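Read the structure below first, then the notes.
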Amino acid sequence: MKQKQSIKKAETNWFYSETVKEHFFNPRNICKTEKELAEFKKEANGYGITGSPVCGDQMEFLIKVDLATDRIKECRWRTFGCASALASTSVLSEMITEKGGMKISEAVKLTPQDIIKRLHGLPAIKVHCSVLGDQALRAAIKDYLKRQGKESQ
Ligand code: FES
C-alpha cells in the first residue's frame, strides 16, 4: 500500500523516490570512460545504441550472454541522458543480471513500466527517460540474436 502511494506520488509531481536517488548517485554497471566501454565491448556479444526522440539524449548498452544458458551474465551501459535515465538504466542493469542472469526470452519482455515499478515511480514528465535504457537493451538483444543466427526469436 505504502509503495503504491509512493509510486502515485512520484508519477504526479517532481517527487524522486529514494531508490531513484540511490541509483543516480551510485549507478550500477555504468561505463564511465571510453576505455571501459571499449574493453567491455571486446567481451560483449550484444551491443545496442539508441536515442530519445523526446529529448535527443543517447544510450549505449552492452550485454554478455552465456551461450549455453542464454542468460545475461554481465552488462554495461553509457548515456548522455539525465538523472532519471541514469537511475532507470542502473536499475534495469541490476534486474537483468541478478539471480544468475535473466534469460534473453524474459529480458525481451521487460517494459519501461517494469523499470518504473522497481524505481518506486518516476515523475510523469521523466517516463521517456526509462524508455531510453529499455530501447538500448532491446537493440543489444537484437544484435545478440543476430550474431547467434536466432533473429526470428
Ligand atoms: Fe533525456 Fe531524461 S531528459 S533521458
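The values are calculated or read from the model by the stated rules, or taken from the named source; none is laboratory data. Only a predicted model underlies this, so the values are computations on that prediction, with no experimental measurement involved. Every residue, glycine among them, receives a Cβ derived from its backbone with ideal geometry; neighbour counts consider all protein chains shown. Calculation scope for accessible area: heavy atoms of the full protein, side chains included, ligands and nucleic acids excluded. Shrake-Rupley method; radii C 1.70, N 1.55, O 1.52, S 1.80 Å.
Cross-link list 21/142; 126/150; 4/73; 73/146; 73/142; 35/150: which exceed 24 angstrom alpha carbon to alpha carbon? Numbers along the way, then the final one.
Numbers: 21/142 30 Å; 126/150 34 Å; 4/73 31 Å; 73/146 18 Å; 73/142 17 Å; 35/150 30 Å.
Over 24 Å Cα-Cα: 21/142; 126/150; 4/73; 35/150.
Going highest first, how would you order 104-117, 86-99 by mean Cβ packing within 10 Å?
Working: 104-117: 16.4, 86-99: 21.9.
Final packing ranking: 86-99, 104-117.
Please give every one of the aspartates and glutamates within straight-line cross-link reach of residue 99, meaning a C-alpha to C-alpha distance under 19 Å, and leave out same-chain neighbours fewer than 8 residues apart.
66, 70, 74, 114
Semi-axes of the equivalent ellipsoid for the stretch 44-153, please: Cα gyration tensor eigenvalues, times 5, square-rooted, ordered largest first, whole Å. Write out the running numbers ahead of the final one.
Values: eigenvalues 105, 43, 24 Å².
After diagonalising the Cα gyration tensor, the semi-axes are 23, 15, 11 Å.
Averaging over every viewing direction, what projected area does the convex hull of the Cα atoms of the stretch 69-124 cover, in nm²? Can you show the working numbers first?
Working: hull surface 16.5 nm².
Its average projected convex-hull area is 4.1 nm².
How much FRET efficiency would the formula 1/(1 + (r/R0)^6) give for residue 69 and residue 33, where r is the Cβ-Cβ distance and R0 is 30 Å, rounded to 0.05?
The value I calculate is 0.50.
With a Förster radius of 25 Å, plug the Cβ-Cβ distance of residue 114 and residue 22 into 1/(1 + (r/R0)^6) and report the FRET value to the nearest 0.05. Numbers along the way, then the final one.
Details: r = 18 Å, r/R0 = 0.73.
About 0.85, to the nearest 0.05.
For the stretch 11-89, which whole-number percentage of the solvent-accessible area (1.4 Å probe, protein heavy atoms only) is attributable to carbon and sulfur atoms?
Numbers: 2290 of 4190 Å².
Carbon and sulfur atoms account for 55 percent of the accessible area of the stretch 11-89.
Under 11 Å from a point placed 7 Å out from the Cα of residue 148 along the Cα-to-Cβ direction: which residues of the stretch 52-71 have their backbone N that close?
64-71
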